[in-house]
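One structure below.
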Amino acid sequence: MYDWLNALPKAELHLHIEGSLEPELLFALAERNKIALPWNDVEALRSAYAFNNLQEFLDLYYAGANVLRHEQDFYDLTWAYLLKCKEQNVIHTEPFFDPQTHTDRGIPFEVVLRGIKQALVDGEKQLGISHGLILSFLRHLPEEEAFKTLEQAMPFRDAFIAVGLDSSEMGHPPSKFQRVFDKARSEGCLTVAHAGEEGPPEYIWEALDLLKIQRIDHGVRAIEDERLMQRIIDEQIPLTVCPLSNTKLCVFDDMRKHNILQMLERGVKVTVNSDDPAYFGGYVTENFAALHDSLGMTQEQAKRLAQNSLDARLV
Ligand SMILES: Nc1ncnc2[nH]cnc12
Ligand SMILES: [Zn+2]
């Protein structure tokens, strides 16, 4: 089944490029950039990948990103991810990048963007993988900081297709960023947002009504609100679901309790994605395989999920 799932043509619509930083590359970049790490070796780092919630993961994810300093580092990170896409027949990808994770450490915005974008452009030419890059704001930081980031991004407007919203969800509702998203849309950006990962269904309503998003990232808690479910089904609003992430971050305590197939059968446009594959134990194919192993996903369901990902592309 793994090989069959791997061979399915698919798009990945929810992937944080910083979350594809494998421990081996992290150590290699630390050595190249002469950065001391708090872990003795790759195995010690990997064994720290045990999380009880989103915040515990984010603390390690931001610490790991500290080894990314130069344009070439961002290029190498993105290229390694694209090679994985090639291996797993991901023919189109729409990665997020978190500029504030880097600009807050003194890395210029353009260093980050140039490295990632050049790899994506080379990936189109050399690997035949198309892309649309998404600039994601960190929601635990103030609105003002997001405005500054959008301003920094404007000279590079052609390099990305959309803005998104990620990081610590609880206590940081989409409404906090309504004005930033208004501005981004006025500049021609499409919009997506993480909502309903740990946060309540109200955050999904806000993301739809205030941020006017094209797609919901995660959205698994929509199932708690029947009126919201009806809207998502009627309007065929895509959900970018990340099964391994959801179990690693204890959104579901067991893959057998995941609601993705229940949503699929109700007519929700759900897709399968890896979120932060280096931290959660696998790329897109491993996510599909987990649904087969734990939920009995059939080949017919897998085909519909893969087709949804191709249909839900922003570009
Ligand atoms: N799953 C996730 N939720 C929120 N922010 C993130 N940043 C990276 N991965 C994330
Ligand atoms: Zn995410």
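Structural remarks
- Taking the square roots of 5 times each eigenvalue of the Cα gyration tensor of segment 46-92, largest first, gives ellipsoid semi-axes of 24, 17, 8 Å.
- Using only Cα coordinates, the Kirkwood hydrodynamic radius of segment 1-59 works out to 14.2 Å.
- For segment 240-250, the Karplus equation 6.51 cos²θ - 1.76 cosθ + 1.60, evaluated at θ = phi - 60°, returns couplings of 9, 8, 10, x, 5, 4, 4, 7, 5, 9, 6 Hz by residue, with Gly and Pro reported as x.
- Normalising the average separation of contacting C-alpha pairs (under 8 angstrom, six or more residues apart) by the number of residues puts the relative contact order of segment 1-80 at 41 percent.
- Fully extending the segment from residue 257 to residue 233 would add 6.5 nm, taking 0.36 nm per residue of separation and subtracting the current Cα-Cα distance.
- Counted over all Cα-Cα pairs of the chain, pairs farther apart than 32 Å make up 21 percent.
- Column: log10 I(q)/I(0), Debye, Cα scatterers of segment 183-315, q = 0.13 Å⁻¹: -0.51
- Full-stretch length increase - residue 72, residue 159 - with 0.36 nm per residue and alpha-carbon distance subtracted: 29.6 nm
- Residue order by solvent-accessible surface for 252, 288 is 252, 288, largest first, with ligands and nucleic acids left out and a 1.4 Å probe.
- When the Cα gyration tensor is reduced to axis lengths a ≥ b ≥ c, the ratio a/c is 1.5 or higher for segment 146-249, and with a/b above b/c it is classed as prolate.
- Extension gain, residue 298 to residue 114: 0.36 nm times the residue separation minus the Cα-Cα distance gives 62.2 nm.
- When the charge dipole of segment 13-90 is built from unit charges on Cβ atoms (+1 for Lys and Arg, -1 for Asp and Glu) and taken about the Cα centre, the candidate among 57, 39, 16 whose Cα reaches farthest toward its positive end is 16.
- Counting only protein heavy atoms and using a 1.4 Å probe, the accessible area of residue 189 comes to about 10 Å².
- Debye-formula intensities of segment 24-165, expressed as log10 I(q)/I(0) at q = 0.21 Å⁻¹, are -1.43 (one equal scatterer per alpha-carbon, no solvent).
- The residues of the chain have, on average, 38 Å² of accessible surface per residue, using a 1.4 Å probe with all protein chains present.
- Pairwise label distance in nanometres, residue 224 with residue 311, each label 7 Å out on the Cα-Cβ vector: 2.8
- In segment 3-119, the portion of solvent-accessible area held by carbon and sulfur atoms comes to 51 percent [1.4 Å probe, whole percent, DNA, RNA and ligands not counted].
- Charge dipole (Cα centre; +1 on Lys/Arg Cβ, -1 on Asp/Glu Cβ; no other charges) of segment 75-159 amounts to roughly 240 debye.
- Residue pairs, from the table 86/303; 125/183; 148/248; 117/303; 125/148, whose Cα atoms sit over 25 Å apart: 125/183; 148/248; 117/303; 125/148
- When 130, 274 are compared by accessible area of protein heavy atoms, the largest-first order is 130, 274, using a 1.4 Å probe.
- Pair residue 86, residue 53: separation of 7 Å Cα→Cβ label points (nm): 4.2
- Here residue 104 and residue 187 are evaluated by their C-beta separation; at R0 = 25 Å the FRET efficiency comes out at 0.65.
- If you plug the beta carbon distance of residue 63 and residue 250 into 1/(1 + (r/R0)^6) with R0 = 25 Å, you get a FRET efficiency near 0.80.
- Taken along its principal axes, the alpha carbon cloud of segment 1-99 reaches lengths of 41, 33, 24 Å, longest axis first.
- Relative contact order computed over the chain (Cα-Cα under 8 Å; 6+ residues apart), in percent: 21
The values are calculated or read from the model by the stated rules, or taken from the named source; none is laboratory data. The structure presented is a predicted model; accordingly, all values stated were derived computationally and were not measured. All Cβ positions, even for glycine, are placed from backbone atoms using ideal geometry, and neighbour counts span all protein chains on display. Surface areas here come from the heavy atoms of the whole protein model, side chains and all, with no ligands, DNA or RNA. Shrake-Rupley method; radii C 1.70, N 1.55, O 1.52, S 1.80 Å.
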